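Engineer: Can you keep this structure in mind? I'll have questions shortly.
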Amino acid sequence: MAAAHEGGPRGGGARGRLLQAGMLVCWSSMSAMVGCPLAMTDGAAVVLRDVDPAVARRLWGRDPDRFFTAGQWMTERPGGSDVSNGETWAEPAGDGSNGEWLLTGFKWFSSATDADVALALARTAGTGGRQSLFLVDVARAKREGTVRVERLKRKHGTTPLPTAELRLERAVGRLVGEEGRGVKGISPVLNVTRLHTALHAVSCLTRAAQVVMAYSRVRRVRGRLLLELPLHRHAVAGIQLARLGLTHLALLVAELQGKTEAGTATAAEGHLGRALTPLTKAYVSTRGYAATRDCCEALGGLGCIETEDAGLNVSRVLRDALVATIWEGTSNVLAMDFWRVVNGGGGSSGGPVRAAFKEVLGIEIDVGGEHSNSSSAARPVGGADVSDAADGAVAALPEVAAAPDVADDLQPRMDLDVKAREYNLKWRKFLHELPAYSAEAAGVVAGTRGIVMTTSRRWLPLVIMSVRNLRELGCELPVELVYSSDEIPAEEIEVVVREVGVRPIDIAPYVRRQRWTKSHVRFGVAKPHSILASTFEEALFLDPDVYALRDPTFLFQSAAYRRHGALFWPDFVRRGSGNGMWGVMGLDGERTDKEMEFESGQIVVDKRRAWRGLKLTQHMAEEAGFYFNFFLGDKETFFWSFRASKTSFLLNPHYLHAVGTVVDEEHPTGPVELEAATAVDASVDAAYRGAHIPGDARGRRIPATAGFCGLSMLQH
């Protein structure tokens with residue numbers, strides 16, 4: 001609660017919501033008793049922040065003695081999902097001068113009966129029977145006997161959480177907002193609880209997928225691990241792909257909700273958040289439940305066994321995931337809500353919503369009639385129903401932009417064991433036929449050294465910034481900039497050449513010959529060729545977003561480089577021993593979980609000595625349609641190629657560090673202030689320091705070059 005609401009008068013903003021969302025994904029599947037009440041408490045805090053700040057602060061406070069939980073009492077027997085159709089009435093207490101109202105009626109579904117306060121809808125006579133919103137002091141109502149539990153529900157899922165039918169008999173409540181506008185007043189609660197429900201579905205799928213992965217790595221069938229069996233691996237790949245897409249869609253909505261609450265959302269983001277919230281809840285909960293069911297099947301008989309260990313009880317997780325498809329609106333209810341928003345319901349024009357989808361996600365949507373045969377929801381151009389709109393939203397997310405292409409290659413139609421043998425023979429044949437190195441054949445000038453960068457159009461400002469910084473540090477190495485003229489106009493390259501004196505190298509003809517998708521290109525598939533296309537025999541490759549803190553020329557004189565001829569730096573994650581690439585590259589006997597993956601933002605390489613490794617890396621990149629099934633991006637192609645070709649290299653043994661968090665990001669590609677997280681040990685051998693060097697970064701102003709993790713990273 002505090003993560004989403006602390007940090008300012010309007011809450012924690014996008015970062016607060018994202019932090020909360022991440023914790024919910026980790027925790028929600030194991031906390032049915034607490035998760036639902038906290039979702040309603042979260043929604044109530046948003047509603048009450050302005051109208052009753054004293055109560056609101058207790059809803060997100062960290063003091064357990066003062067912390068409040070809140071319920072929502074909306075669902076009634078006549079209305080169900082139509083919350084405007086209720087039988088609970090409210091009348092002023094006494095002459096109404098004390099602001100209290102007396103609520104009498106029946107609430108059919110309450111999952112927070114023991115909450116401290118509750119938001120309740122009730123009709124009022126002064127508005128012609130329209131619904132008004134009230135804040136009920138539940139503790140007082142219990143003392144006075146004005147709220148009574150009629151019975152507890154027997155539910156299919158989230159059974160630890162008691163859900164009750166409540167009878168209200170002149171329970172005291174205070175009016176929240178304007179009389180007669182209760183449905184509108186409580187709608188922020190629905191937006192928040194729908195987000196929580198989607199995150200709960202993601203959490204259930206994540207938990208089930210973790211159990212499946214752990215089981216697949218130890219369970220043997222006919223002498224082979226489950227994860228080594230093609231059909232099982234295909235099933236697991238589909239589960240993980242669903243988890244990835246659903247997670248990022250839910251996180252996108254969390255970010256938009258945080259921005260909207262904090263008042264920092266653009267108009268397009270506001271429209272998009274309003275439309276995506278019901279769509280995401282419906283899509284994530286239904287698709288998440290289906291994928292969780294697949295997890296049960298992947299476990300065989302164990303998938304339907306009630307185990308005593310709650311963390312391994314996937315059968316229980318499946319029941320809880322099913323609840324998510326119903327709570328806070330079924331798919332049809334949410335589809336209608338989405339249709340109304342996109343079609344301009346509620347007095348607003350639907351045009352801005354459609355424009356927001358186009359601006360933020362790059363997809364176009366159309367709308368059918370409310371009772372059209374195809375669907376009662378928005379339809380993407382060329383699509384059929386509401387799920388297509390969500391599919392488009394997932395596919396448009398930068399984090400999962402590669403998903404459609406990867407998914408095509410992970411379908412059961414492809415026997416990966418057969419493919420693995422085929423590609424194992426293919427890369428061996430490639431190396432066998434590879435001519436020996438010569439400077440002339442390699443297109444390099446013998447004995448030369450320099451810096452190589454490759455860029456897309458959007459990174460051109462970073463190229464200028466990075467090269468200027470290198471020159472200010474006293475670096476005199478020439479710089480070659482590899483690009484594709486099919487993407488970047490000549491006049492824009494000329495600006496870079498004029499500003500910082502780089503030597504441009506156009507690889508457009510090479511790129512055209514490849515069968516790369518946009519996602520392959522986005523994940524750096526052209527990087528190996530860029531290094532080989534440079535005219536330097538010894539090259540320091542730098543991503544444009546690498547910002548040196550010291551002249552990196554010394555790397556070419558380091559003992560490590562002189563010994564190995566190639567230097568690499570580590571990424572955050574370890575390379576799993578279960579990755580099929582160990583088999584593809586003939587390295588089954590070297591499987592290990594102890595090695596870090598490569599981070600290819602900076603590489604020092606002598607082409608003469610690393611010729612076989614570099615050329616095999618280029619070969620693997622050209623076959624990305626197969627190899628990117630096992631990893632995503634150019635980074636690991638260097639590892640597998642160098643290891644399989646027995647090319648000498650050194651991986652920096654020191655971990656990547658976070659310099660600190662960005663505290664001022666007003667200009668995304670300009671300087672930002674960093675708040676140092678740690679002073680890294682400055683005694684690290686200079687041979688391992690790379691383009692970045694360790695030290696206390698406090699007070700430095702460096703460029704905001706990547707926003708994927710919110711931190712600036714320091715390589716030793």
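The values are calculated or read from the model by the stated rules, or taken from the named source; none is laboratory data. For clarity, every value in this text was computed on a predicted model and none was experimentally measured. Every residue, glycine among them, receives a Cβ derived from its backbone with ideal geometry; neighbour counts consider all protein chains shown. Just the protein is used for accessible areas: all its heavy atoms, side chains included, with ligands, DNA and RNA removed. Shrake-Rupley method; radii C 1.70, N 1.55, O 1.52, S 1.80 Å.
Engineer: Can you name the residue in region 68-102 that is among the acidic types (D, E) and at pLDDT 80 or above and is also nearest to L190 (Cα to Cα) among such residues?
Structural biologist: Filtering region 68-102 for residues that are among the acidic types (D, E) and at pLDDT 80 or above, the one nearest to L190 (Cα to Cα) comes out as E76.
Engineer: Being touching a residue at least 12 places away in the same chain (Cβ under 8 Å), aliphatic (A, V, I, L, M) and surrounded by 17 or more Cβ atoms within 10 Å (Cβ to Cβ) is true for just one of V55, V51. Which residue is that?
Structural biologist: V55
Engineer: For region 551-564: of the residues being surrounded by fewer than 19 Cβ atoms within 10 Å (Cβ to Cβ) and touching a Cys at 6+ places or on another chain (Cβ under 9 Å), which is modelled with the lowest pLDDT?
Structural biologist: Checked region 551-564; the qualifying residue modelled with the lowest pLDDT is D551.
Engineer: Does L567 count as at pLDDT 90 or above, part of a helix (DSSP H, G or I), more than 28 Å from G238 (Cβ to Cβ) and open to solvent by less than 10 Å² (accessible area, probe 1.4 Å)?
Structural biologist: Judged against the criteria, L567 is not a match.
Engineer: What strands (runs of 3 or more DSSP E) lie completely within region 121-211 and have 3 or more residues being open to solvent by less than 20 Å² (accessible area, probe 1.4 Å) and out of contact with any Pro (no Cβ under 6 Å at 6 or more places or on another chain)? Show your work before the answer.
Structural biologist: On the way: elements: 131-137, 147-152, 164-175.
It comes to 131-137, 164-175.
Engineer: Can you tell me which residue among D320, D309 is surrounded by fewer than 23 Cβ atoms within 10 Å (Cβ to Cβ) and not β-branched (V, I, T)?
Structural biologist: D309
Engineer: Looking at the structure I just gave you, is E76 touching a strand residue (DSSP E or B) at 6+ places or on another chain (Cβ under 9 Å), open to solvent by less than 30 Å² (accessible area, probe 1.4 Å) and of a type in the set (D, E, K, R)?
Structural biologist: Considered against the rule, which asks whether it is touching a strand residue (DSSP E or B) at 6+ places or on another chain (Cβ under 9 Å), open to solvent by less than 30 Å² (accessible area, probe 1.4 Å) and of a type in the set (D, E, K, R), E76 comes out as yes.
Engineer: While we're on this one: Being assigned to a strand (DSSP E or B) and open to solvent by 40 Å² or more (accessible area, probe 1.4 Å): is that true of P504 here?
Structural biologist: Values: assigned to a strand (DSSP E or B): yes; open to solvent by 40 Å² or more (accessible area, probe 1.4 Å): yes.
In short, yes.
Engineer: Can you tell me which residue among V573, V605 is buried (at least 23 other Cβ atoms within 10 Å of the Cβ) and either assigned to a strand (DSSP E or B) or without any contact (Cβ under 8 Å) to a residue 24 or more places away in the chain (or both)?
Structural biologist: Of V573, V605, the one residue that is buried (at least 23 other Cβ atoms within 10 Å of the Cβ) and either assigned to a strand (DSSP E or B) or without any contact (Cβ under 8 Å) to a residue 24 or more places away in the chain (or both) is V605.
Engineer: Which of the residues spanning region 522-545 are open to solvent by 10 Å² or more (accessible area, probe 1.4 Å) and assigned to a loop (DSSP other than H, G, I, E, B)?
Structural biologist: The answer is F523, G524, A526, T535, D543, D545.
Engineer: Looking at (1) closer than 25 Å to G613 by Cβ; (2) surrounded by fewer than 21 Cβ atoms within 10 Å (Cβ to Cβ), which is the only condition V452 fails?
Structural biologist: The number of the failed condition is (2).
Engineer: State all residues of region 460-485 that are over 19 Å from S534 (Cα atoms), surrounded by fewer than 19 Cβ atoms within 10 Å (Cβ to Cβ) and not small (G, A, S); if no residue qualifies, say none.
Structural biologist: P461, R468, N469, R471, E472, L473
Engineer: Name the single residue that is modelled with the highest pLDDT among those in region 212-236 being assigned to a strand (DSSP E or B) and of a type in the set (D, E, K, R).
Structural biologist: Out of the qualifying residues, it is R220.
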